[in-house]
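Have a look at the structure below, then the notes.
The values are calculated or read from the model by the stated rules, or taken from the named source; none is laboratory data. Not measured: the values here are computed from a predicted model. We place every Cβ from the backbone using ideal geometry, glycine too, and count neighbours over all the protein chains shown.
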Amino acid sequence: MSIPPFTIVSGAAPYLPRANIDTDVIIRIERLTSLPKDQLGPYAMEALRYRADGSDDPGFILNRPVFRGAPILLAGDNFGCGSSREGAVWALQGIGVRCVVAPSFGDIFYSNCFQNGVLPIRQPATKVEALAAACADGAPLTVDLEQRILIAPSGAHTPFTIDPLRREALLHGLDDIGLTLRDDALIRAWQQADRVQRPWAWPPAPVAAANWRSRAPPSSAAS
C-alpha cells in the first residue's frame, strides 16, 4: 500500500468537542458501497456538515473558510468509536486530515489510522481544549513526528507518545506489511536455516509438472 510519509505537518486545527463521534457519523456505510475510497471526502461527516437541502451548514466548524482542508483535527473523547469500517479514515483523508488529536479513540479506528498514514495522538482533554483555544482563529498547530511534539501557535511544546514501530512506519510511509517486508532478507535467511534444522516442520517442495509426469507410474495396458 502506498502511504505518504509523515514527518512534520502544520496547519489549521478545528475542534470537534463532541464525544463519541462514531465511524457511522464520519462516513455512512452506503457511501462505502457506492464510491471508491478517493471520492469519500465530500461525504465525510455529512450529517454534521450539510443542511437538509444539501447546502453547507455555516455553523459547522469544518465549513468555516479558515478550516477547509485543515490537516489536523482536534476531537472529543472516544473519537472513531463504533464499527470497524476503515473507510472512516479514508473519508477524513479526503478532506485533508493527516492527524487527529483527542483524549481517546475507538481501538480499531486508532489502528486503521496508522495503516493509512494518519497519526492519532492521545492527549488529556484539558490539553486538547487548550490547543483548541489557541487555534480557534485558524492559527497553525504543528505536529513534529520526528521529535514527538506538538507545537502550539505560541511556540509552546507538548510531547506525545507513540509506539516506536508505528512511528517508524509513519515516518517512512509504510503499513504493517511494508514494515515487515523491510526485513525480507532476514526472514528468508531464517526460513532457509529452519528448513535445515527442522525439515519435518516444512512441507515438501512442490514437484514441477514435467517432473511429476516423468515420475508418474505408467498406465496399465488395456486388456
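Couple of notes before you dig in:
- Checking each residue in region 65-104 for being in contact with a strand residue (DSSP E or B) (Cβ under 6 Å, 6 or more places away or on another chain) and more than 17 Å from residue 121 (Cα to Cα) picks out only 82.
- Residues in region 142-182 that are of a type in the set (A, V, I, L, M, F, W, C), over 14 Å from residue 11 (Cα atoms), more than 16 Å from the chain's Cα centre (by Cα) and not in a strand (DSSP E or B): 3 in all.
- Among the residues of region 37-55, some residue qualifies, meaning at least one is touching a Phe, Trp or Tyr at 6+ places or on another chain (Cβ under 8 Å), at pLDDT 95 or above, farther than 20 Å from residue 13 by Cα and assigned to a loop (DSSP other than H, G, I, E, B).
- When we screen 139, 70 for residues that are modelled with pLDDT of 95 or more, assigned to a loop (DSSP other than H, G, I, E, B), aliphatic (A, V, I, L, M) and more than 23 Å from residue 19 (Cβ to Cβ), the only hit is 139.
- Only one of 85, 122 that is closer than 26 Å to residue 5 by Cα, among the basic types (Lys, Arg) and modelled with pLDDT under 95: 85
- Among the residues of region 7-60, the ones that are of a type in the set (Phe, Trp, Tyr) and without any contact (Cβ under 8 Å) to a residue 24 or more places away in the chain come to 2 in all.
- Residues that are under 26 Å from residue 181 (Cβ atoms) and crowded, with 17+ Cβ neighbours inside 10 Å within region 1-15 comprise 3, 6, 9, listed in sequence order.
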